[in-house]
Amino acid sequence: MALFIGTAIVVVLVLTLVNGVLVRGFLAGANRVFQPQNTTTREGIVQPQQFERSGSPDSFAEWDTLGFQGRNFVASGPDAAELAAVNGAPAKEPIRVYVGLQTAETDEQRMAVLLSELERTGAFDRKLLVIVPTTGTGWINPVAARSLELMYNGDTAMVGSQYSYLPSWISFLGDQQKSMESGRMMIDAIHQRWQELPPDRRPKLLLYGESLGSMAGQGAFGWLPDVSQMGFSSVLWVGPPNASPLWRAITERRDPGTPEVEPRYDNGRTVRFSQGTDAADIAADASPPWEGTRVLFLQHPSDPIVWWSQDLLFNRPDWLREPAGRDRPASMRWYPIVTFWQVAADMTNAGSVPGGHGHNYGDFVLDGWAAVAPPNGWTAGDTERIRVALKKTESEDGPEY
């Protein structure tokens, strides 16, 4: 009887797992657990009054519907006065557009609100239009947003949308497809409207993604040429998860003799990789000539999000056969099963290490922007000037995946 009952339980569990019922049940339960935080607002964050911000009194996206991370995004960042003080010239009020899961009932309705917000704020009249697929909870790296706004003195429009209540680690493990579908939908909707504009009136189209947001953005492209064919001038992808489709395909097809930790593809004509652990490293990897569309991956050798995969269970990856990357211990060795769990354990603390290591890219995101989207006449001295301004607001820019 015990053997019969035990066998029946195992069979039912296996069938349940195969059918995805257990996974779907877990995700549904996790959504209910994390949804209440979405209704809260960080201390010190208040509704913006600027016309250029979603959630303002003029906005089609109501403040209460933007979610915890959305409210943080639209209600923070530099204003025109702060930008003018840093750059010594009159500045524009930066545009920040965002929709939350509660802004509308369906994905299609949320995209309609998003496009209405872009039209309302005049986003298509700015020099840069930056699409930012978000992480699981809708987080957008404040350093990435602030850096570009400082570099272009506010002549920017940034846009993001929330697709989940779940922290990135849960979305990454159980719902990767949803993130990529969300990224594709947002990019396609905005690109279609951008393409309708006369070519001489289009803003430069940029794309940013960090962590799961990088994976979400890659979901819009079947292959690398699609990025330039769609008209993107600059793409910055930071800390891409190992399962990211475009990242993985390019890495596997890298130029012969180049290491997995910092590969070269097509001799760096369009896409480049940087270990990103200091400004000089990023600048060297972005050195000219680099014409046309620029796509840059920042990936630390010590970032477990980038290097963790199920393949670690029984296969030694190239990055553990090759000489250690800039900030990975040379003593690290691969062991079947053991290394898989070691790297998995590292993911739980990946963002709590000093900037420039692990999954914390710190203010080196600024150097990434300077590499792929420098304003005309931009110099290394300008980058350092902006870095000083970023340091003054460092306390509000901590990672919250």
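Observations
- Candidates Ala389, Ala324, Ala284: whichever shows maximal mean-square fluctuation once the chain is modelled as a Gaussian network with Cα springs under 10 Å: Ala284
- Top positive-direction residue, dipole computed over the chain with Cβ charges, set Ala286, Phe314, Gly160: Phe314
- The stretch 82-150, relative contact order [Cα under 8 Å, separation at least 6], %: 33
- Among beta bridges that DSSP assigns inside the chain, antiparallel share in %, nearest 5: 5
- Value at 222 nm in deg cm²/dmol, rounded to 500, when DSSP H runs of n ≥ 4 in the chain each add -39,500 (n - 2.57): -12500 deg cm²/dmol
- Across all Cα atoms of the stretch 248-341, the radius of gyration (one decimal) and Dmax (whole number) stand at 14.1, 44 Å.
- Percent of alpha-carbon pairs separated by more than 14 Å within the stretch 292-369: 64
- Dividing the Cα radius of gyration of the stretch 257-298 by 2.2 N^0.38 Å, with N the residue count, gives 1.07.
- Using 0.36 nm per residue and subtracting the Cα-Cα separation, the extra length available between Arg42 and Ala249 on full extension is 70.6 nm.
- Candidates Leu129, Leu313, Leu236, ranked by Gaussian network fluctuation over the chain, Cα under 10 Å, top entry: Leu313
- Where the stretch 215-264 is the region considered: accessible area per residue in Å², 1.4 Å probe: 33
- Sum of side-chain charges, Thr277 neighbourhood, beta-carbon under 9 Å (Lys, Arg +1; Asp, Glu -1): -2
- Rh by Kirkwood over Cα pairs, then Stokes-Einstein D for the stretch 95-229 at 0.890 mPa s and 25 °C, µm²/s: 164
- Distance histogram in 10 Å bins (all Cα pairs of the stretch 79-133, percent per bin): 21, 40, 26, 11, 1
- Kirkwood Rh in Å, taken over all unlike Cα pairs in the chain: 21.9
- Charge context of Leu224, other residues only, Cβ under 13 angstrom, K/R +1, D/E -1: +3
- Reach of Lys92 by Cα under 26 Å, taken over lysines that are not fewer than 8 positions away in the same chain: Lys127, Lys204, Lys391, Lys392
- Spin-label model, Gln177 to Gln192: label points 7 Å out along the Cα-to-beta-carbon direction sit 2.2 nm apart.
- Multiplying the residue separation of Asp266 and Ala345 by 0.36 nm and subtracting their alpha-carbon distance yields 25.0 nm.
- Cβ-derived FRET efficiency at R0 30 Å, Trp290 paired with Ala324, nearest 0.05: 0.65
- Taken over the C-alpha atoms, the stretch 179-224 has Rg and Dmax values of 11.6, 34 angstrom.
- Rolling a 1.4 angstrom probe over the chain with all protein chains present gives an accessible area of which 56% lies on carbon and sulfur atoms.
- Of Thr134, Thr348, Thr156, the one that fluctuates the most in a GNM where the chain has Cα springs shorter than 10 Å: Thr348
- Distance distribution note for the stretch 150-298: the fraction of Cα pairs above 17 angstrom is 64%.
- Centre separation in Å (Cα based) which lies between the stretch 230-286 and the stretch 61-95: 30
The values are calculated or read from the model by the stated rules, or taken from the named source; none is laboratory data. Everything numeric here is computed off the predicted structure, so don't read it as measured data. Neighbour counts are summed over all protein chains in view; Cβ atoms, including those assigned to glycine, are modelled from backbone coordinates with ideal geometry. What goes into the accessible areas is simple: the full protein's heavy atoms, side chains included, and nothing from ligands, DNA or RNA. Shrake-Rupley method; radii C 1.70, N 1.55, O 1.52, S 1.80 Å.
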